[in-house]
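Working notes for the structure below.
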């Protein structure tokens, strides 16, 4: 990677780290409003709870989490404060978690999906969350202690250079995080490295259905709001294939355009991006 690209990548990474660190440090934000609630530049994107819980975020009596595909039971199962409303889907719905598996969450935030995975493991296996934001890792560890989760741990690290040993993971999940990375090819190569043969990805993320305008791609606030860094579906498939994955399925959710359009100050965002559920497998033992 040349120096210019490296500096640009670090600029994006620093912005994202600061943005989500500020969100983690905001106490009491449990409304689950999604990235639409925190769209301005750091540190002003962190809104008061009353602002975050606007009708646009929690309309029609259905919470943001329920719109993403979580059941009311799942939303109630995690420790209070674990769900920061930063996802764009429910990766657990496609994860098919089996007892005894080791599960890795890329960009684990305050731990919400990790705790739901641990619930499905029912005391077996292990869940590892990796996040590059120290405040998020601290919040997740506090939530784990609060909930008494013995088989969940959180590690500080970047998803482009995972602090995880080779071929030790059965399942990798992620929720609205990989789009934030300026080096997505590295993310998928790292994911392939740490998965065991036959291991799989279960990802909810934002993808582009047509090329994004430069105004979105180059705007840090749009990147931080999970829009500006979205990859075209065709390019995403190519990245997964190049990393070694097979049996790839990418299922865009067209209905997500309505709430994604609220995530930035550019209301045309929904014309270009949608959330999608993505599965892929590392070849090897079934």
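Nothing in this text is a laboratory measurement; each read-out follows from the coordinates by a stated rule. Just so you know, these numbers come straight off a predicted model, no measurement behind them. Note that each Cβ is placed from the backbone with ideal geometry, even for glycine, and that neighbours are counted across all protein chains shown.
For the stretch 171-262, what value does the Rg/Rh ratio take when both radii are computed over Cα atoms and Rh is the Kirkwood radius, given to two decimals?
Result for the stretch 171-262 is an Rg/Rh of 0.97.
What is the extension gain from residue 255 to residue 156, computed as 0.36 nm multiplied by their sequence separation minus the C-alpha to C-alpha distance, in nm to one decimal?
The residue 255-residue 156 span can extend by a further 32.2 nm.
Per the Debye formula with a single identical scatterer at each Cα and no solvent contribution, what log10 I(q)/I(0) holds for the stretch 3-281 at q = 0.16 Å⁻¹?
Result of the Debye calculation: -1.30.
Percent antiparallel among DSSP beta bridges with both residues in the stretch 159-271, to the nearest 5?
Taking every DSSP beta bridge within the stretch 159-271, about 0 percent pair in antiparallel fashion.
Based on the Kirkwood radius over alpha-carbon pairs, what is the Stokes-Einstein translational diffusion coefficient of the stretch 60-213 at 10 °C with 1.306 mPa s viscosity, in µm²/s? It would help to have the intermediate numbers written out before the result.
Working: Rh = 15.6 Å.
The estimated diffusion coefficient comes to 102 µm²/s.
Would you mind computing, in nm to one decimal, how far apart the modelled labels at residue 247 and residue 146 are, each placed 7 Å from Cα along Cα→Cβ?
Using points 7 Å along Cα→Cβ, the separation is 3.7 nm.
Do you know the relative contact order of the stretch 76-189, to the nearest whole percent, from alpha carbon pairs under 8 angstrom that are 6+ apart?
Numbers: 212 pairs, mean separation 36.1, N = 114.
Once divided by the residue count of the stretch 76-189, the mean separation gives 32 percent.
Does a label point 7 Å from the Cα of residue 168, set along Cα-to-beta-carbon, have any residues of the stretch 192-208 with amide nitrogen under 20 Å, and which are they?
Under cut-off, by backbone N: 192-202.
In the stretch 58-186, what % of DSSP beta bridges are antiparallel (nearest 5)? Write out the running numbers ahead of the final one.
Values: 1 of 15 bridges.
Within the stretch 58-186, antiparallel bridges account for around 5 percent of the total.
Can you sort 277, 232 from fewest to most other Cβ atoms within 10 Å of each residue's own Cβ? Show your work: numbers first, answer last.
Values: 277 20, 232 16.
So the ranking, lowest neighbour count to highest, is 232, 277.
Pairs of alpha-carbon atoms within less than 8 angstrom and 6+ residues apart define the contacts here; what relative contact order does the stretch 3-281 have, in percent?
Once divided by the residue count of the stretch 3-281, the mean separation gives 18 percent.
Based on the Cα coordinates of the stretch 141-210, what is the per residue volume of their convex hull in Å³?
On the way: hull volume 8.4 nm³, N = 70.
Spelled out: Cα convex hull of the stretch 141-210, divided by residues, is 120 Å³.
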